[in-house]
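Have a look at the structure below before the remarks.
Please treat every number below as a calculation from the coordinates, not as lab data. Quick caveat: nothing in here was measured; it's all calculated off a predicted structure. Ideal geometry is used to build each Cβ from the backbone, glycine not excepted, and the neighbour counts take in all protein chains shown.
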Amino acid sequence: MRSKIVAGNWKMNKSLEEAKALTSEIMAMVADEVKGDTKIVLCTPFPYLLSTKNQLGTNSRIEVGAQNCSEHDSGAYTGETSASMIKSIGIPYVIIGHSERRQYFGEDGKLLAKKVDKVLASELTPIFCCGEPLEIREAGTHEALVKKQVEESLFHLTAKAVQKVVIAYEPVWAIGTGKTATSQQAQDMHAVIRTYLAERYGKEVAENISILYGGSVKPDNAREIFSCPDVDGGLVGGASLKSRDFVDIIKGA
Ligand code: PEP
């Protein structure tokens, strides 16, 4: 059975004090208001991973994620952070292949396949992002592109391994733009991804993989998008920086 997950991607925002304040607001609201078993993940900047984890405490239902990792194990890679380092501080999730990494840091499908492998080798959960830019959507080739992204970075995995991956479909034209996909557009693409996974791994495996939607998710559109049969929650950017909005989004899952 796949999980419902709402993950906040804080990107490169907040000072340590601000991160602590945001975490404590989210903790209090989640404790008071959030029922059900939706998994909640805060993907903070690297310097705050451990303090956020410690602040949440051992029994928290909120978990922490990193926003990237290296494709290497260790060594002379100045400025990089390995999956095993993230593992060593007890952080269970890592976002891989966010469109900003693809766009600004030139990360391609082959590199992302290596990163996925490193994350899984450290027994962490990759949140693997895919999604098409606006010109591809307008050209009508979005399904082909997203299938290619999934194939390039995930289809080398065994059936056992691929079920440990969380996929986030994030149309690039909807990220940080305030322009969200309609629930029909989200459902259609999620169904395409799940069908493609089923063709490669079988229906049972595909049914076990959580596919999140990301792209301008807000409290007023979350419930409708998350109610689509193939949408298993969301990856939330801007709205995850406001405790009230983020918790209302979680309540929509
Ligand atoms: C994201 O960065 O993953 C994202 C979905 O951003 P936003 O919610 O701001 O569109």
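Considered as a group, the residues in region 126-142 that are in a loop (DSSP other than H, G, I, E, B) and touching a residue at least 24 places away in the same chain (Cβ under 8 Å) include one that is farthest from Leu154 (Cα to Cα), and that residue is Pro133.
Restricting the first member to region 95-123 and to residues that are closer than 21 Å to Gly234 by Cα, and the second to residues that are of a type in the set (Val, Ile, Thr) and assigned to a helix (DSSP H, G or I), the beta-carbon pairs closer than 6 Å and six or more apart or on different chains are Ile96/Val116; Ser99/Val172. Out of Glu123, Glu107, one residue alone is in a loop (DSSP other than H, G, I, E, B), in contact with a Lys or Arg (Cβ under 9 Å, 6 or more places away or on another chain) and within 16 Å of the ligand (Cβ to nearest atom). It is Glu107. Among all residue pairs at least 6 apart or on different chains, which show Cβ distances below 7 Å where the first residue, located in region 216-244, is under 10 Å from Gly8 (Cα atoms) and the second is part of a loop (DSSP other than H, G, I, E, B) and of a type in the set (Asp, Glu)? Matching pairs, first to second residue: Leu235/Glu170.
The set of residues in region 215-245 that are part of a helix (DSSP H, G or I), crowded, with 24+ Cβ neighbours inside 10 Å and within 11 Å of the ligand (Cβ to nearest atom) comprises Ala222, Ser240.
Taken over region 85-99, the residue count meeting the criterion of being on the phi < 0 side of the Ramachandran plot and buried (at least 20 other Cβ atoms within 10 Å of the Cβ) is 8.
Residue by residue, here is whether (1) in contact with a helix residue (DSSP H, G or I) (Cβ under 8 Å, 6 or more places away or on another chain); (2) of a type in the set (A, V, I, L, M, F, W, C); (3) more than 21 Å from Cys228 (Cα to Cα); (4) within 16 Å of the ligand (Cβ to nearest atom) holds:
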position	(1), (2), (3), (4)
Ile96	yes, yes, yes, yes
Leu112	yes, yes, yes, yes
Ala161	yes, yes, yes, no
Ala198	yes, yes, no, no
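Scanning region 146-159 for residues that are under 19 Å from Asp230 (Cα atoms) and of a type in the set (A, V, I, L, M) yields Val146, Val150, Leu154. Can you name every residue in region 55-76 that is of a type in the set (Val, Ile, Thr) and closer than 20 Å to Ser240 by Cβ? Of everything in region 55-76, those that are of a type in the set (Val, Ile, Thr) and closer than 20 Å to Ser240 by Cβ turn out to be Ile62, Val64. For region 163-188, the set of residues classified as closer than 20 Å to Glu152 by Cα and either more than 16 Å from the chain's Cα centre (by Cα) or not in a helix (DSSP H, G or I) (or both) consists of Gln163, Lys164, Val165, Val166, Ile167, Ala168, Tyr169, Glu170, Pro171, listed by residue number. Do we find that Ile193 is within 14 Å of Asp230 (Cα to Cα), more than 10 Å from the ligand (Cβ to nearest atom), part of a helix (DSSP H, G or I) and β-branched (Val, Ile, Thr) in this structure? Spelling it out, Ile193 is indeed within 14 Å of Asp230 (Cα to Cα), more than 10 Å from the ligand (Cβ to nearest atom), part of a helix (DSSP H, G or I) and β-branched (Val, Ile, Thr). Is it true that some residue in region 205-214 is of a type in the set (Ser, Thr, Tyr), under 14 Å from Thr182 (Cα atoms), touching a residue at least 24 places away in the same chain (Cβ under 8 Å) and surrounded by fewer than 24 Cβ atoms within 10 Å (Cβ to Cβ)? Looking for residues that are of a type in the set (Ser, Thr, Tyr), under 14 Å from Thr182 (Cα atoms), touching a residue at least 24 places away in the same chain (Cβ under 8 Å) and surrounded by fewer than 24 Cβ atoms within 10 Å (Cβ to Cβ), one finds none in region 205-214, hence no.
Cβ separations smaller than 6 Å between residues 6+ apart or across chains give the following pairs from region 165-191 residues that are closer than 19 Å to Ile209 by Cα and without any contact (Cβ under 8 Å) to a residue 40 or more places away in the chain to residues that are more than 15 Å from the ligand (Cβ to nearest atom) and not β-branched (Val, Ile, Thr): Ala191/Asp230.
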